[in-house]
Structures are given as structure tokens and as C-alpha cells.
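Here the structure is laid out as C-alpha cells; the discussion comes afterwards.
The values are calculated or read from the model by the stated rules, or taken from the named source; none is laboratory data. Quantities reported herein were computed from a predicted structural model and do not represent experimental measurements. Reconstructed Cβ throughout: ideal geometry from the backbone, glycine too, with neighbour counts over all protein chains shown.
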Amino acid sequence: GENVEQHPSTLSVQEGDSAVIKCTYSDSASNYFPWYKQELGKRPQLIIDIRSNVGEKKDQRIAVTLNKTAKHFSLHITETQPEDSAVYFCAASKPGGGNKLTFGTGTQLKVEL
Amino acid sequence: NAGVMQNPRHLVRRRGQEARLRCSPMKGHSHVYWYRQLPEEGLKFMVYLQKENIIDESGMPKERFSAEFPKEGPSILRIQQVVRGDSAAYFCASSSGGAETQYFGPGTRLLVL
């Protein structure tokens with residue numbers, strides 16, 4: 001089955017700096033890659049997603065890039081703010097079987113003042 | 001415009017008891033997914049259901065766990081004879097189609113004493 005690896009497990013940045021989180025996946029058939037943000041004790045919230053027919057997608061301070069050949073995708077957050085502090089999860093899914101998500105192990109992002 | 005609803009939010013059971021977790025999908029969504037999150041870990045897929053059908057239960061333990069999504073009412077994840085290792089947060093997600101974005105509920109935090 002699909003395996004998703006995520007790095008780093010923890011990331012500390014200064015407010016205003018950029019943060020980058022990287023994920024790799026194993027199944028070349030995977031074609032959908034969402035990113036979720038989870039604050040302590042809360043639900044995972046979708047922040048951005050990308051499908052395999054595009055290489056990059058941007059939404060204000062958040063961008064995701066996808067390299068299908070290398071089977072990796074990354075989350076980029078620019079101009080980080082304290083409210084960006086949370087755990088971020090990448091995930092991957094492939095067609096058929098209903099799009100079940102395989103998640104990475106999460107990155108604890110801390111934005112320091 | 002209610003999102004995905006889950007109840008109860010917190011559930012305490014003693015070993016050997018049964019746990020019933022309920023999930024009401026977003027309005028218009030007929031696809032439900034259950035995921036389990038152990039402390040300090042990512043989310044693991046358990047089961048995918050459409051109305052009255054289990055589509056994929058490959059992530060659900062074969063014993064003690066069952067899920068349903070009846071024609072009327074919420075989806076239910078049932079855990080019989082709970083053990084301490086069942087303590088976790090159980091999240092459901094819903095989507096409007098098998099290849100569409102999944103939106104998560106607030107989770108049920110199960111504690112087995």
C-alpha cells in the first residue's frame with residue numbers, strides 16, 4: 001500500500017520567516033495530495049490541496065509544489081505568523097476505492113515572536 | 001451551514017464495555033470515512049462507507065470493530081469489548097464524492113480505563 005513520509009517532525013521559525021515541510025510518497029498511482037492543519041485538540045482542517053495534473057498551487061501565503069517524477073510534494077508558508085503554529089499533515093490518495101487518505105506523521109510547526 | 005458533526009466529543013469506557021461513536025456528514029455528502037489518531041501520531045484510515053454500503057474496510061481491525069451508515073441517520077463506528085489500546089481520537093470525514101475533498105469532524109476522544 002501507499003506510504004507517506006514527512007519531514008521534519010518539528011520546525012521552529014521566527015515570525016515573518018518562511019517554513020517548508022516536505023513529504024514523499026511511494027505509490028506512483030497517487031494523484032491527490034492535501035495538506036491539513038491541526039491545532040491542539042481540534043479537527044484537521046484542509047489548508048490546500050493539489051492534484052497530479054499541476055505542479056504548483058498557491059493560496060495567499062501558502063503554496064504547494066509537486067514533483068511526480070521524484071514522488072515528493074512540499075508545503076511552503078511565507079511570512080509566518082504565531083497563529084500558523086500547529087501540526088501540519090500531508091496526505092496522499094489514488095483513484096479507485098474512494099480516495100482514502102494515507103497521512104504522513106505530522107510536523108509540529110512553532111512560530112516564535 | 002453545519003459541518004461534519006460527531007458525538008460524543010469525549011467518551012470514557014471501562015475495559016470490556018462497548019463504545020458507539022456517531023458521525024453526521026455535511027449536508028449533501030453521502031461519503032463517510034473513519035480515521036483513528038493515536039496520541040502523538042498521524043491519522044490512520046479505518047473504513048469508507050456510502051449510504052448502506054461499506055466500500056473499503058481495509059484499515060479496520062477484523063475483530064471487535066464494525067461500522068455502518070444506514071439510509072437514515074448518522075454513521076456509527078462500534079467498538080465491542082474495548083481494551084486500553086483502543087484509547088485514541090476517532091475522526092470521521094465526509095465528502096460529496098469518492099474523489100472529492102474530505103472535511104473532518106471534531107473527533108471523539110475515547111479513553112478506556
Margin query: Can you pull out every residue in the range A:31-69 that is of a type in the set (G, A, S) and at pLDDT 95 or above?
Written below: A:A63
Margin query: I'm checking my understanding of the structure. Among residues of the range A:65-110 that are of a type in the set (V, I, T), more than 14 Å from chain B (Cβ to nearest Cβ) and within 16 Å of A:Y36 (Cα to Cα), which one is surrounded by the most Cβ atoms within 10 Å (Cβ to Cβ)?
Written below: A:I77
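How many residues are surrounded by 14 or more Cβ atoms within 10 Å (Cβ to Cβ) and under 19 Å from B:F65 (Cβ atoms) if we restrict to the range B:1-16?
Matching residues across the range B:1-16 total 4.
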Checklist line | Qualifying positions in the range A:41-59 - without any contact (Cβ under 8 Å) to a residue 12 or more places away in the chain and within 12 Å of another protein chain (Cβ to nearest Cβ) | finding: A:G41, A:K42, A:R43, A:Q45
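Here is a yes/no grid of residues against (1) in contact with a strand residue (DSSP E or B) (Cβ under 9 Å, 6 or more places away or on another chain); (2) among the aromatic types (F, W, Y); (3) not in a strand (DSSP E or B):
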position: A:N53; (1), (2), (3): no, no, yes
position: A:A63; (1), (2), (3): yes, no, no
position: A:T69; (1), (2), (3): no, no, yes
position: A:F73; (1), (2), (3): yes, yes, no
position: A:H76; (1), (2), (3): yes, no, no
position: A:E79; (1), (2), (3): no, no, yes
position: A:F89; (1), (2), (3): yes, yes, no
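Conditions (1) within 14 Å of another protein chain (Cβ to nearest Cβ); (2) of a type in the set (V, I, T); (3) crowded, with 16+ Cβ neighbours inside 10 Å, marked per residue:
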residue	(1), (2), (3)
B:V47	yes, yes, yes
B:G59	yes, no, yes
B:F65	no, no, yes
B:P70	no, no, no
B:R78	no, no, no
B:A88	yes, no, yes
B:C92	yes, no, yes
Item checked: Members of the range A:2-32 found to be surrounded by 15 or more Cβ atoms within 10 Å (Cβ to Cβ), within 12 Å of chain B (Cβ to nearest Cβ) and either not in a strand (DSSP E or B) or not polar (S, T, N, Q) (or both), listed by number -> A:E2, A:V4, A:C23, A:N31, A:Y32
